[in-house]
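> Okay, handing you the structure first.
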Amino acid sequence: VSKIGFVGFGNMGGTMLRALLKYGALPANRAIVFNRTAEKLIEFSNEYPEVETAASLADLGRKSERVFVCTGTKEVKAVLSELAGYLPEEAHVVTITGIIELRGLERIYGGSISKIIPTMISEVGEGVTLVSHNRKVLPDDRLFINTAFSKLGKVKEISEHQFDLAADLTSCAPAFYAEILHCYKQAALKHGDLNETELNDLIIPTCLGTARLLAQGMTDYEGLISRVATRGGVSEEGVKILRQSMPEIFDKLLDVTISKRAILKKQMNKQYGVE
Ligand SMILES: NC(=O)c1ccc[n+]([C@@H]2O[C@H](COP(=O)([O-])OP(=O)(O)OC[C@H]3O[C@@H](n4cnc5c(N)ncnc54)[C@H](OP(=O)(O)O)[C@@H]3O)[C@@H](O)[C@H]2O)c1
């Protein structure tokens, strides 16, 4: 039986493979993994002895019908070029690097390619995986991606040009939300005598509950705000402050992330010869 290969066991590759195994989206004996630094896999291999560790990229390529390329951005080109020489015909390649376009990848590998943008929060079975396929992707490949990643949260298939904005809201956003909560906590530390642990015990469940309430769809942002921030009350004053600064902050944030992504994409397109 052909395997599902994972090249690169870093932050995202490691999280994704662990999540696919944990949520039963992939049987351990179907997976094969290769990382540049072999030592990084020792602990994982003890935990999942049934996952095969490839001796080399060539070894992984020969044994896989589907390969997830999860190396750092700058290594993708060399890895894919090498893999292309070993993969069986009809093998499905999946990349997770937003700034490398499908048309660039197609210059290196002529078969079926999907680009997905995973999210760190798949570790807890939450979040949205963004997906886009090239024209050679077969129904079975599409089904595999949708079925597997639906087990770790939601899957959203969109056209590739929409990735630029959408990835901000899915893949980058956990870092933004963590920063916002961190700022809230730092301010709270200065305004009372609750310590960090006590504050986390208040902030994190409240954030989680707010998201859950909104996710249930029984109320929207405005509805929730008006239920909490009653006229003349304390919360209303806080909301007023946020409304003074937040729209500008998020406009700036998106201006910066979108233009940074455009610069990086341009550099990548040049490298891949698809300017
Ligand atoms: N982090 C996120 O939240 C996130 C979300 C969506 C997409 N992504 C994308 O995911 C990609 C990887 O990001 P990351 O944060 O996981 O980076 P990372 O932590 O640096 O992981 C990259 C891994 O690839 C391995 N690697 C590099 N070259 C290799 C090669 N030739 N053969 C085998 N393994 C190789 C590295 O091995 P060593 O152990 O030797 O360094 C490392 O373990 C990036 O393109 C990023 O844009 C990341």
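Quick note: the coordinates plus some simple rules give every number you see, no bench work behind them. From a predicted model like this one, the values you see are computed outputs, not experimental measurements. No Cβ is skipped: glycine too gets one built from the backbone with ideal geometry, and neighbour counts run over all protein chains shown.
> Out of the range 53-100, which GluC sites (Glu not before Pro) are coil in DSSP terms and have no more than 10 other C-beta atoms within 10 Å?
The qualifying sites are 89.
> In nm, what is the difference between 0.36 nm times the number of residues separating residue 266 and residue 186 and their Cα-Cα distance?
Values: separation 80, 0.36 × 80 = 28.80 nm, distance 3.79 nm.
Length gained between residue 266 and residue 186: 25.0 nm.
> Scan the chain and hand back the longest stretch that contains none of the trypsin sites (Lys or Arg not before Pro) lying in DSSP loops with at most 12 other Cβ atoms within 10 Å. Walk me through the numbers on the way to the answer.
On the way: sites that count: 135, 231.
Value returned for the longest uninterrupted segment is 1-134.
> In whole angstrom, how long is each semi-axis of the equivalent ellipsoid of the chain, when you take the square root of 5 times every eigenvalue of its Cα gyration tensor and sort them from largest down? Could the numbers behind the result be given before it?
Working: eigenvalues 308, 96, 60 Å².
Largest first, the chain gives 39, 22, 17 Å.
> Mind checking the dipole of the chain: about its Cα centre, +1 per Lys or Arg Cβ, -1 per Asp or Glu Cβ, Debye to the nearest 20?
Using only the charged Cβ atoms, the result is roughly 580 debye.
> Turning to a different aspect of this structure: Just to be sure I follow the rule: in the range 171-275, considering lysines 8 or more places apart or on different chains, how many pairs have Cα atoms under 28 Å apart?
Qualifying lysine pairs in the range 171-275: 10.
> Would you kindly calculate the translational diffusion coefficient of the range 152-260, applying Stokes-Einstein with the Kirkwood radius from alpha carbon pairs, for 37 °C and a viscosity of 0.692 mPa s, and quote it in µm² s⁻¹ without decimals? Each step should come with its number before you reach the end.
Details: Rh = 16.5 Å.
Here the translational diffusion coefficient equals 199 µm²/s.
> By how many nm would the segment from residue 239 to residue 257 grow when fully extended, if each residue of separation counts as 0.36 nm and the alpha-carbon distance is taken off?
Extra length available between residue 239 and residue 257 comes to 3.9 nm.
> In Å and on Cα atoms, what radius of gyration and Dmax does the range 37-171 show?
Rg then Dmax for the range 37-171, in Å: 14.9, 41.
> Ok, one more. Contour minus end-to-end for residue 151 and residue 228, with contour as 0.36 nm per residue of separation and end-to-end as the Cα-Cα distance?
Stretched fully, the residue 151-residue 228 segment lengthens by 24.4 nm.
> Please report how many Lys pairs in the range 68-176 have alpha carbons closer than 23 angstrom, counting only residues at least 8 apart along the chain or sitting on separate chains.
Eligible lysine pairs with Cα atoms under 23 Å apart amount to 8.
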